[in-house]
Every structure is written in C-alpha cells, then in structure tokens.
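Comments concern the structure below.
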Amino acid sequence: MEVKLFQKTQRDLAASINLVIDKYWADEISESKMIELIHKLYSNNESKFIKDEQYTTVLRQQCGKRRLEVVSKVLGRSDTKILSF
C-alpha cells in the first residue's frame, strides 16, 4: 500500500489516515503495517497533526473519534485533551 508521507494540507493528511485505518479494519493491511504508516505520517506531518496539545480541528472533523482513538493508541498518546471533541 502506497501512501504519500508528506502531506500538503490537513485535509490530505486526514484522508490518508482514513485510508490507512479503513484498510486495516477491512483486513487489507496488517496491524504492523498500519502502525508503521501512522508513525510515518505523524513524524513527517507533526505540525498538521497536533496544535495546542490536541488534534487539529480539521483532523477531528474529517477522521472522527473512532479513528483518532486508534491513532492515539498507536502513537502512545494518553493525553485527555487530545481526544476532546
């Protein structure tokens, strides 16, 4: 599965996150591949991921709570602020 690691906008980043997690839920990619891709997306797009210690508004709106819960667990983030909607 090929995903651009450097995203131009927050919307593009959200679409990539959605694609990765949806493919994982559909058993099209393995758990280890999903974790690897989420880590790569985060490390290359950190400023588009989180602002003021929570997910950006665009990510929260585009990805939704269930996907961001998965992302938080993958990234090992347990901050309560991150999942506040």
The summed charge of the residue 30 Cβ neighbourhood (under 14 Å; Lys/Arg +1, Asp/Glu -1) stands at -2
Given unit charges at Cβ for Lys, Arg (+) and Asp, Glu (-), the dipole magnitude of the stretch 10-75 about its Cα centre in debye, nearest 20, is 180 debye
Sequence order, the stretch 38-52: Karplus ³J(HN,Hα) from phi using 6.51 cos²θ - 1.76 cosθ + 1.60, θ = phi - 60°, Hz rounded, Gly and Pro as x, gives 4, 4, 5, 4, 5, 5, 8, 9, 4, 5, 8, 7, 10, 9, 6
Per DSSP, the loop-located GluC sites (Glu not before Pro) within the stretch 25-57 having at most 16 other beta carbons within 10 Å are 28, 53
Place a point 7 Å from the Cα of residue 12 in the direction of its beta carbon; the residues of the stretch 49-72 whose amide N falls under 16 Å from it are 49, 59
Checking rank on 16-22, 63-69, 1-7, with mean other Cβ inside 10 Å and highest first, the result is 16-22, 63-69, 1-7
Amide H proximity to residue 4 below 5 Å, modelled H, separation 5+ or other chain, gives none
When the charge dipole of the stretch 10-75 is computed with +1 at the Cβ of Lys and Arg and -1 at the Cβ of Asp and Glu, the Cα pointing farthest to the positive end, of 75, 64, 30, is that of 64
Measuring from the longest principal axis of the C-alpha atoms of the chain, the long axis of helix 10-25 (C-alpha) lies at a number of degrees, nearest 10, equal to 50 degrees
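Each reported figure results from applying straightforward, stated rules to the coordinates on display, with no laboratory input. The shown structure was predicted, so the numbers you read here are calculated from the model rather than taken from an experiment. Positions of Cβ are generated from backbone atoms using ideal geometry, with glycine treated the same way; all protein chains shown enter the neighbour counts.
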